[in-house]
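Only one structure is covered here, and it is reproduced in the block below.
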């Protein structure tokens, strides 16, 4: 299970480490320091019941009172007014609070007139700059959720009426990528169908998928959309719970077929299958689209074949027992990027022989593809905090606090967080090199690919 960090953790750690930008109003045991709420005030004794702090202590800093878990977003923020230092009561200068229930909510105080939207926008910009390496299926389905990355099943259509048809993150069912796709309660031949693809009439196509069968027998078939019939000679099936590659080898579609698709079904009266990625190839189409979230060359450091070693049946291989064989850019394939194009990114292969085995991109995907933070402290990310926090602080300094902090404070913090040797960002990057999972093929391997 991936380790996640919530928006609350990100905000609290960042505010504390920047020190001069505000306060997280919690007690030493982590409980809220808020003791009372009124329509026009908050009371936080452990922070502001302090005779060293005058009545303008917060208002002179243009402080904002932030309530991220207020019942209404309209109560999220108010500018701080006068402080009563004998009790810790802080007036605010805006409309009355509608929600005055004291529960477990933690109040944040941000200085310099900064609004919560400023922080969230900076955080989401940071998420756009940070990437994670992942293995994604590369085929003609790459931009149609063949990698199962999308959290919904928009690009897939139910076949008949399975009881449940939804994405899953169950680790042992998902050997590759972020998600699998779980079809539950299938009657005979119920399941899901991929998005349709065009095909030259009478030409050859093939497909792969990974199936982990919880109940029943999983089946991969090619579908002639034009005729509404199977486009293969027989189903490839597996009843193994261990994830298995299912392979429909080259099949000639009908001389009248103009469109085709993949059918992922269960052949039993009661079926339950986890589908982890799907690949579709056309023999006469050497250009394969990249997913829409892969938009720049740096995001494609490696493309490789997955060659399974353990065949357990006809056209069935163990999905975890594979050799990853790296392909060579400029010899085996070329990359295309042009954002104004209708098809802005693609891989152009030099031979259909590379379609013999499932292809992967070891891509660098932006964390923003997985989450956009809003006014929800429970929102979370799998981005490691030790990587995220330094970049977030840098973004705040550059886009939010420039011109707000004193020059002395801004320079001090910049020297600590910046891009020079020994600073937080550099230390974080050096401790997290990008791994390479594929290996170059030997001479025999390359002869096999290119033959």
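Read-outs: derived from the displayed coordinates by stated rules, not from any lab. Please read all numbers here as calculations on a predicted model, not as lab measurements. Note that we place each Cβ from the backbone using ideal geometry, even for glycine, and neighbour counts take in every protein chain shown.
Taking Cα atoms only, the orientation of helix 116-129 departs from the longest principal axis of the chain by about 30 degrees.
Taking the Cβ of each residue in 277, 127 as the centre, tally the other Cβ atoms inside 10 Å and list the residues starting with the fewest. Let's see the in-between values first.
Numbers: 277 30, 127 23.
Least crowded to most crowded, the residues run 127, 277.
If one computes P(r) from the Cα atoms of the range 133-367, what percent of pairs lie at distances over 25 Å? Tail fraction, whole percent: 36.
Relative to one another, the C-alpha centroids of the range 258-326 and the range 328-406 are positioned 21 Å apart. Computed over the range 186-242, relative contact order equals 31 percent, with contacts defined as Cα pairs under 8 Å that lie 6+ residues apart.
Extension gain for residue 157-residue 31 works out to 40.7 nm (0.36 nm per residue, less the C-alpha to C-alpha distance).
Our note on the geometry: Cα centres of the range 69-88 and the range 162-187, 45 Å apart.
Only beta bridges with both residues in the range 85-241 are counted; by DSSP, about 100 percent of them are antiparallel. With the highest mean first, a sort of the peptides 290-302, 186-198 on other beta-carbon atoms found within 10 angstrom per residue produces 186-198, 290-302.
If contacts are Cα pairs under 8 angstrom and at least 6 residues apart, what is the relative contact order of the range 133-367 in percent? Once divided by the residue count of the range 133-367, the mean separation gives 25 percent. Across the chain, the mean sequence separation of Cα contacts (distance under 8 Å, 6 or more residues apart), normalised by length, yields a relative contact order of 16 percent. Against the chain, whose longest principal axis is taken from its Cα atoms, helix 407-417 shows a tilt of about 40°.
What value, in deg cm²/dmol to 500, does the helix sum -39500 (n - 2.57) over DSSP H runs of n ≥ 4 give at 222 nm once divided by the residues of the chain? It would help to have the intermediate numbers written out before the result.
Working: 7 runs with 71 residues, N = 451.
My calculation for the chain gives -4500 deg cm²/dmol from helical runs alone.
Evaluated at 37 °C with a viscosity of 0.692 mPa s, what Stokes-Einstein diffusion coefficient in µm²/s does the chain have when Rh comes from the Kirkwood expression over alpha-carbon pairs? The calculation lands on 130 µm²/s. Relative to the longest principal axis of the Cα atoms of the chain, the long axis of helix 385-399 lies at roughly 60 degrees.
The fewest-to-most ranking of 282, 393, 129 by surrounding Cβ atoms within 10 Å reads 129, 282, 393. Residues 322, 312, 3, arranged from fewest to most other Cβ atoms within 10 angstrom of their Cβ, appear as 3, 312, 322.
Measuring from a point 7 Å past the Cα of residue 249 along Cα-to-C-beta, which residues in the range 194-231 have an amide N at less than 20 Å? Counting backbone N atoms under 20 Å from the label point, the list is 203-211, 219-223, 231.
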